[in-house]
Each structure stands twice: as C-alpha cells, then as structure tokens.
Amino acid sequence: MRGAVLYGPHDIRFEERADPKILEPTDVILKLSATCVCGSDLWPYRGIDAPKEPTPMGHEYCGIVEEIGGAVKNIKRGQFVVGSFFASDNTCAICHAGYQSRCTHAQYVGAGGAQAPFLRVPLADGTLVATRDRPTDDEVPGLLAASDVLGTGWFGADAAAVGPGKTVAIVGDGAVGICAVLAAKQMGAERVIAMSQHPARQKLAREFGATDIVTERGDEGVAKIKELTAGLGAHSVIEAVGSQQAMMQAIRSTRPGGHVGFVGVSHGVELPGQELFYAEVHLHGGPAPVRRFLPQLLDLICSGKIDPGKVFDLTLPLDQVAEGYRAMDERRAIKTLLRP
C-alpha cells in the first residue's frame, strides 16, 4: 500500500509502505474510511521533535474491521469502529481509573501510520468502539474527529472541571481548541470565551457555542479575560497549544481556586514555581484518555446532537497528504481530512 512518510522538516511523501499484518492475537487490521492531519503532526513537520529516519505518519482513524486476531473477542469483522491514538487493554487499574492513555500496556497506534488505506490496531478489544450501524459518508468526519481532536478537547474541558454556571476560556483556536468550545457548551458552561485572531475559526467557535471572542494574546489576552470576569479570571481554562506563552496565558487567566486543563503537547514549557504557588490553581492534563469518552461521544454524534466534523474545512484524497500538511502549517486550513 502507499501511505504518508515524514523524511524531515516540510518533507512529507506519499510512497510505498509495507501492508500492515496481524502481529499479536489481540490485533485487528482496519480498512480506513478516513484519516486526517493532526495539529501535533505539525511539530515534527516543522522540525521540532523531527524523526531521525523516515517515519510513517498519522494517528487518527476510523473504518471497517478487515481482519481480526485469534484472541479478539468483542470486535467483529465488518464492524465500523473508532479508536484512540493510544491502544489500551481497558482492564488494568489505570484504565479503570479512566486514564487509558497511560494504560500499563499502552501502545502508540500512530506508530503504524494511520495516514494510509489500512492500519494495524493493537489491543483491539480495549481500544476500539463500534458504532451500532454503518455510518453514511457524511457522518464519517464527525466520527473521525472523536478519535482525537474531539476526545482531546473533551478531556481538556473535563480536566478543567467545566460545569454548569462556569466561565470557561480556551487558549488555542486549532481543531482541539474549537472542539473544547463544543465540549464546554455540552457540559453546561454559562460563558465560553474563545481566544482567536482568525475570522473563520471565530465563526466556527461561535457555531460550537462560544459566547465571547478574545483576539488579544499574552498579557493583553489575560487582561481581557480579567476584564470580562470582574477581575477574577475564568473558573476553567483549557490550554490547547503546548507553548510557553499559551501555558502561562492559561494559568494567568484562571481565578484562584480555578482549574487549568492542558492538552496541547508541551514544548519548551517551564513553569515558574513561585508564580504557580501563589496562583493557587489546579493544573491537570496530558495525552487525552480518549477511550474513556468514546462511547458517550459516539452516542452524541450518531444521534445528531453534535457535529464535530465541521472542524474539517479541507478534504483531500490521501495521495495529496503533503498539501494537507502545507495548508495546516500555513493556517489556510483548520484541519485536513484525508480520504483513502
């Protein structure tokens, strides 16, 4: 088969790769209905954490079960499934606590490279969730979003203790940040403040439930959040970027006793201890345990209550994956959906 391979900064190629095979009896092989480019893929694409050798890319996926290993019991051939970017057994003590991304047997599904027509998924029974019916083509983007950006935005809101009556601010207007807006609205937040300088992203954030837009960044952005909250700061702030500026903007925008949920992959983030001490905020985050939320998210999507697929504003055939990366890198697209 042919799939996406990253060779170095800004060098993504669509080329021949080995077909995935069942390696363990708990594996399945999926025929992907759709995949996409993630904001976190842009870090290595831009040369940060760049691979030292050609590396298959992609970790977001949904599709039809094509082949199953001999020990797979719950997932059946022919089912349409969605899974997390971390495979988990969903039976260990860490999984039972709701942190499947840190399962004692966790495996990174992206190691197999999901920007391809087929994908091996380890620990299939614990990782995948099947839909009740085969979705239509129009329903696939929303289900694909659940595999990462929606699940990650949802975890950000959960980690930030979003709830009824609260004011929530979201730092970051990529697909995860915009999905965090949707999550905050679904969780009953009274006020949802999206921080964005881009009209198209502001428009989608409004559609997903943002009540306010703040265009300022850094200290000016913090001052604006304080202005909107009687000088106190937001109850809940979701950091969906991963940079030093975004993390400090999030912490400083949070009121004492409030919660910061950080889900941007941290790069170069250093927290000043004394400021953090006196900020007196809760800080929680990391790689989203998407599997915890998948059943609920799929129900919301399949019932038509939410449509996270709207974050995909560019759809390309898989063989044009390089353009998908360029469009996101240049902020011409929020998120690129790829059709094998």
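The values are calculated or read from the model by the stated rules, or taken from the named source; none is laboratory data. Remember, predicted model here, so these are calculated numbers, not experimental data. Glycine also receives a Cβ, built like all others from the backbone with ideal geometry; neighbour counts cover every protein chain displayed. Just the protein is used for accessible areas: all its heavy atoms, side chains included, with ligands, DNA and RNA removed. Shrake-Rupley method; radii C 1.70, N 1.55, O 1.52, S 1.80 Å.
Any residue at all in region 244-266 that's within 30 Å of Pro122 (Cβ to Cβ), in contact with a His (Cβ under 8 Å, 6 or more places away or on another chain) and surrounded by fewer than 23 Cβ atoms within 10 Å (Cβ to Cβ)?
Checked region 244-266: no residue is within 30 Å of Pro122 (Cβ to Cβ), in contact with a His (Cβ under 8 Å, 6 or more places away or on another chain) and surrounded by fewer than 23 Cβ atoms within 10 Å (Cβ to Cβ).
I'd like the full set of residues that are in contact with a strand residue (DSSP E or B) (Cβ under 7 Å, 6 or more places away or on another chain) and among the charged types (D, E, K, R), limited to region 265-313.
Within region 265-313, Glu280 is the sole residue that qualifies.
Considering only region 71-160, give the helices (runs of 4 or more DSSP H) lying wholly within it that have at least 2 residues that are farther than 17 Å from Lys31 by Cα and either touching a helix residue (DSSP H, G or I) at 6+ places or on another chain (Cβ under 8 Å) or of a type in the set (A, V, I, L, M, F, W, C) (or both). Working first, answer last.
Details: elements: 93-96, 124-127, 140-146, 149-159.
By residue number, 93-96, 140-146, 149-159.
What number of residues in region 209-223 are closer than 18 Å to Ala183 by Cα and either open to solvent by less than 40 Å² (accessible area, probe 1.4 Å) or in a helix (DSSP H, G or I) (or both)?
Qualifying residue count for the region: 3.
Please specify each residue of region 188-205 satisfying the condition of being in a helix (DSSP H, G or I) and either in contact (Cβ under 8 Å) with a residue 40 or more places away in the chain or under 18 Å from Ser236 (Cα atoms) (or both).
Ala200, Arg201, Leu204, Ala205
Examine region 30-52 for a residue that is open to solvent by 50 Å² or more (accessible area, probe 1.4 Å) and within 29 Å of Asp137 (Cα to Cα), and state whether such a residue exists.
Taking every residue of region 30-52 in turn, at least one turns out to be open to solvent by 50 Å² or more (accessible area, probe 1.4 Å) and within 29 Å of Asp137 (Cα to Cα).
Please go through region 55-71 and give me each residue that is aliphatic (A, V, I, L, M), in contact with a strand residue (DSSP E or B) (Cβ under 9 Å, 6 or more places away or on another chain) and open to solvent by 10 Å² or more (accessible area, probe 1.4 Å), ordered by number. Break it down into steps so the answer makes sense when it comes.
Step one: of region 55-71, the residues aliphatic (A, V, I, L, M) are 57, 64-65, 68, 71.
After this cut, where a residue has to be in contact with a strand residue (DSSP E or B) (Cβ under 9 Å, 6 or more places away or on another chain) as well, the list is 57, 64-65, 68.
Met57, Ile64, Ile68 - these are the residues of region 55-71 that are aliphatic (A, V, I, L, M), in contact with a strand residue (DSSP E or B) (Cβ under 9 Å, 6 or more places away or on another chain) and open to solvent by 10 Å² or more (accessible area, probe 1.4 Å).
Condition first: closer than 28 Å to Ile68 by Cα and either assigned to a helix (DSSP H, G or I) or in contact with a strand residue (DSSP E or B) (Cβ under 8 Å, 6 or more places away or on another chain) (or both). Now tell me which residues in region 27-44 satisfy that.
Asp27, Val28, Ile29, Leu30, Lys31, Leu32, Ser33, Ala34, Thr35, Cys36, Val37
Is there any pair linking a residue in region 293-318 that is farther than 17 Å from Gly151 by Cα to one that is of a type outside the set (A, V, I, L, M, F, W, C), with Cβ under 6 Å and at least six apart or on different chains, and which?
Close Cβ pairs (under 6 Å, with a partner that is of a type outside the set (A, V, I, L, M, F, W, C)) amount to Leu314/Thr336; Leu316/Gly324; Pro317/Arg339; Leu318/Pro340.
Just to be sure, is Gly273 free of Cβ contacts under 8 Å to residues at least 24 places away in the same chain and open to solvent by less than 70 Å² (accessible area, probe 1.4 Å)?
Considered against the rule, which asks whether it is free of Cβ contacts under 8 Å to residues at least 24 places away in the same chain and open to solvent by less than 70 Å² (accessible area, probe 1.4 Å), Gly273 comes out as yes.
Quick one: count up the residues across region 259-289 that are modelled with pLDDT of 95 or more, among the β-branched types (Val, Ile, Thr) and more than 25 Å from Asp89 (Cα to Cα).
Of the residues in that region, 2 qualify.
Conditions: (1) outside any helix (DSSP H, G or I); (2) modelled with pLDDT under 95; (3) buried (at least 21 other Cβ atoms within 10 Å of the Cβ). Pro20 meets all but one. Number of the miss?
The one condition Pro20 does not meet is (2).
Yes/no matrix, rows are residues, columns are (1) at pLDDT 95 or above; (2) over 24 Å from Lys310 (Cα atoms); (3) open to solvent by 10 Å² or more (accessible area, probe 1.4 Å):
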{"residue": "Thr91", "(1), (2), (3)": "yes, yes, yes"}
{"residue": "Arg102", "(1), (2), (3)": "yes, yes, yes"}
{"residue": "Gln115", "(1), (2), (3)": "yes, no, no"}
{"residue": "Ala124", "(1), (2), (3)": "yes, yes, no"}
{"residue": "Asp138", "(1), (2), (3)": "no, no, yes"}
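Among Met187, Met195, which is the only one that is open to solvent by 10 Å² or more (accessible area, probe 1.4 Å) and under 22 Å from Phe293 (Cα atoms)?
Going through Met187, Met195 in turn, the sole match is Met187.
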